[in-house]
Amino acid sequence: MSELDAFERLRAALIARTGHAYYADKDKLLRDRVRERLEVLGLSSLTTYLQRLEGADGEEEWRALEDIITIGETYFFRYADHFERLRQEILPELIARKRAERALRIWSIGCANGAEAYSVAIVLHELLGAELADWRIAIIGGDISERALAAARAARYSQWALRTVTTDERERYFDAVDARTWALKPQYRAMVRFERQNMLDLLTPNAPLQWSEFDLILCRNVLIYFSPEQAVALTRQLRARLAPGGTLLLGHAEATLADDPVFAPLVRSEFSQALAPPQALPTLEEWRPAPLPAAPAPLPAPKPIATQAPSTLDDVKRLADAGAYEAAQTACDALIALQPTAARLYYYRAILRHVSDDTAGAESDLKRALYLDRNFALAHHRLGLLLLGAGRKQEGRRSLMTAARVAAAQPESAPLEEGQGVTAHAFAAMVRAQVEQTDAAA
């Protein structure tokens with residue numbers, strides 16, 4: 001078996017096992033991850049490594065590989081708009097509705113280092129106050145990565161994971177371990193339980209029975225790793241596992257995969273913009289065009305991209321794909337300094353800023369992109385969704401309609417700029433349908 005054949009076989013097995021179609025067209029990123037395991041094991045051949053995975057004792061190595069192919073970028077209170085509405089609307093509504101039975105079930109999917117689940121625990125602790133002792137609160141954090149789960153259970157965090165937490169909040173919620181490490185206080189840790197989970201199990205008859213009757217499911221930045229077909233199937237399964245009146249909260253990126261019309265009304269559009277079609281909103285986190293056959297680079301590969309000076313937008317995308325958002329934005333800043341009139345660069349920096357909760361910066365960059373190119377339909381569309389998410393409904397609707405009008409003015413079969421192959425007219429039709437659904441939900 002050639003090294004190329006071994007790589008293709010490994011990738012296919014990895015996607016079948018985890019559902020991470022995200023890696024279908026990211027040969028370099030996957031090779032870099034696999035190379036880490038080769039170095040740890042002292043192996044030089046992919047063929048030998050594949051044999052190890054397929055051997056009788058391969059399960060342990062599969063889990064080690066799954067640990068490093070999972071991008072676990074997260075931090076406390078990630079996406080301020082989500083947590084504002086959790087604090088002001090979603091959780092208070094749940095508490096009021098469940099006050100008679102005094103029980104809540106919450107599921108944090110793809111929990112990574114536990115910051116999301118613990119953030120919800122903190123908010124509930126504050127909302128319930130002295131009543132908390134009388135409630136049965138079950139917050140379950142699930143992830144496929146054993147390494148991530150170990151970090152979540154340890155509940156020790158760096159300043160980077162606390163970057164959106166104020167000094168006062170840090171003192172209230174955490175205990176200092178040393179100058180650079182903070183441990184979550186026991187009263188919040190006690191509210192959360194963690195377990196290893198593979199979301200593909202939802203698509204089998206053997207899905208765990210306890211994955212049901214949740215009052216709140218948070219599935220943010222998880223579905224982006226699956227194929228569009230699997231993402232839709234998973235959203236249907238998640239919907240079926242909500243208790244009556246429950247809420248499913250998706251992230252900004254993967255909500256665009258939830259094009260199932262049965263599913264869309266269930267998701268709060270202020271948070272996730274779930275009415276958008278799967279192709280309409282390419283983002284750095286979900287950059288997944290149709291897989292193309294490509295000859296992978298020979299092993300060992302060149303130095304990792306993080307050590308090279310990014311010089312193209314492709315470099316920015318690769319950094320973002322690897323979860324290195326800060327480095328990606330630095331690279332994008334450098335490109336903008338060299339090409340200050342490139343609308344695409346401002347568009348992608350807006351995406352990076354939105355991922356980092358800099359909504360004002362994202363809005364500014366989108367408006368700059370549109371100043372440079374008034375016919376940039378996707379920039380109009382993303383600005384509209386950003387404004388809707390901020391509660392500025394009239395402005396957001398106007399931007400969406402502009403996106404549809406700009407796209408419809410282009411030749412019918414013309415591919416949409418940055419649209420992953422979607423035609424301009426198909427995009428226009430999808431946006432108009434989105435506006436109609438948004439109006440109907442208002």
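The values are calculated or read from the model by the stated rules, or taken from the named source; none is laboratory data. What you are looking at is a predicted structure, and each value in this text was computed from that prediction instead of being measured. Here the Cβ is made from the backbone with ideal geometry for all residues, glycine too, and neighbour counts use every protein chain on show. Only protein heavy atoms, including side chains, enter the accessible area calculation; ligands, DNA and RNA are left aside. Shrake-Rupley method; radii C 1.70, N 1.55, O 1.52, S 1.80 Å.
Residues that are in a helix (DSSP H, G or I), farther than 25 Å from Arg78 by Cβ and more than 26 Å from the chain's Cα centre (by Cα): does the range 409-423 have at least one?
no
Take Leu104 and decide whether it is farther than 26 Å from Ala328 by Cα, under 25 Å from the mean Cα position of the chain (by Cα) and either of a type in the set (Gly, Ala, Ser) or not in a helix (DSSP H, G or I) (or both).
It is true that Leu104 is farther than 26 Å from Ala328 by Cα, under 25 Å from the mean Cα position of the chain (by Cα) and either of a type in the set (Gly, Ala, Ser) or not in a helix (DSSP H, G or I) (or both).
Scan the range 4-45 residue by residue and report those that are in a loop (DSSP other than H, G, I, E, B) and without any contact (Cβ under 8 Å) to a residue 24 or more places away in the chain.
Correct list: Gly42, Leu43.
Filter the range 367-409 down to the residues that are touching a residue at least 24 places away in the same chain (Cβ under 8 Å), among the basic types (Lys, Arg) and under 16 Å from Asp439 (Cβ atoms) and list them by number.
Lys393, Arg397
Given the structure, is Glu66 of a type outside the set (S, T, N, Q) and open to solvent by 10 Å² or more (accessible area, probe 1.4 Å)?
Considered against the rule, which asks whether it is of a type outside the set (S, T, N, Q) and open to solvent by 10 Å² or more (accessible area, probe 1.4 Å), Glu66 comes out as no.
Report, by residue number, each residue of the range 64-101 that is assigned to a helix (DSSP H, G or I), under 22 Å from Leu200 (Cβ atoms) and of a type in the set (A, V, I, L, M).
The answer is Ala64, Leu65, Ile68, Ile69.
Identify the single condition in (1) under 22 Å from Ala426 (Cα atoms); (2) open to solvent by 50 Å² or more (accessible area, probe 1.4 Å); (3) of a type in the set (Lys, Arg); (4) part of a helix (DSSP H, G or I) that Arg382 does not satisfy, given that it satisfies every other one.
Against the list (1) under 22 Å from Ala426 (Cα atoms); (2) open to solvent by 50 Å² or more (accessible area, probe 1.4 Å); (3) of a type in the set (Lys, Arg); (4) part of a helix (DSSP H, G or I), Arg382 comes up short only on (2).
Just for the range 229-253: of the residues that are under 14 Å from the mean Cα position of the chain (by Cα) and either among the basic types (Lys, Arg) or more than 27 Å from Arg97 (Cβ to Cβ) (or both), which one is modelled with the highest pLDDT?
So, considering only residues that are under 14 Å from the mean Cα position of the chain (by Cα) and either among the basic types (Lys, Arg) or more than 27 Å from Arg97 (Cβ to Cβ) (or both), the one modelled with the highest pLDDT is Ala231.
Could you say which residue among Leu238, Leu234, Leu250 is open to solvent by less than 10 Å² (accessible area, probe 1.4 Å) and more than 15 Å from Gly19 (Cβ to Cβ)?
Leu250
Which of (1) over 18 Å from Gly361 (Cβ atoms); (2) open to solvent by less than 10 Å² (accessible area, probe 1.4 Å) does Leu387 not meet, given it meets every other one?
(1)
Can you run down the residue pairs with Cβ atoms below 6 Å, 6 or more apart or on separate chains, where the first is in the range 199-219 and without any contact (Cβ under 8 Å) to a residue 60 or more places away in the chain and the partner is among the polar types (S, T, N, Q)?
Leu202/Gln237
Only one of these conditions is not met by Asp175: (1) touching a strand residue (DSSP E or B) at 6+ places or on another chain (Cβ under 7 Å); (2) within 17 Å of Ile139 (Cα to Cα). Which number is it?
Asp175 satisfies all of (1) touching a strand residue (DSSP E or B) at 6+ places or on another chain (Cβ under 7 Å); (2) within 17 Å of Ile139 (Cα to Cα) except (2).
Yes/no per residue for (1) among the charged types (D, E, K, R); (2) modelled with pLDDT of 85 or more; (3) surrounded by 13 or more Cβ atoms within 10 Å (Cβ to Cβ); (4) touching a Ser or Thr at 6+ places or on another chain (Cβ under 8 Å):
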position	(1), (2), (3), (4)
Ala16	no, yes, no, no
Leu29	no, no, yes, no
Glu39	yes, yes, no, no
Leu53	no, yes, yes, no
Asp81	yes, no, yes, yes
Arg87	yes, yes, yes, no
Lys98	yes, yes, yes, no
Trp107	no, yes, yes, no
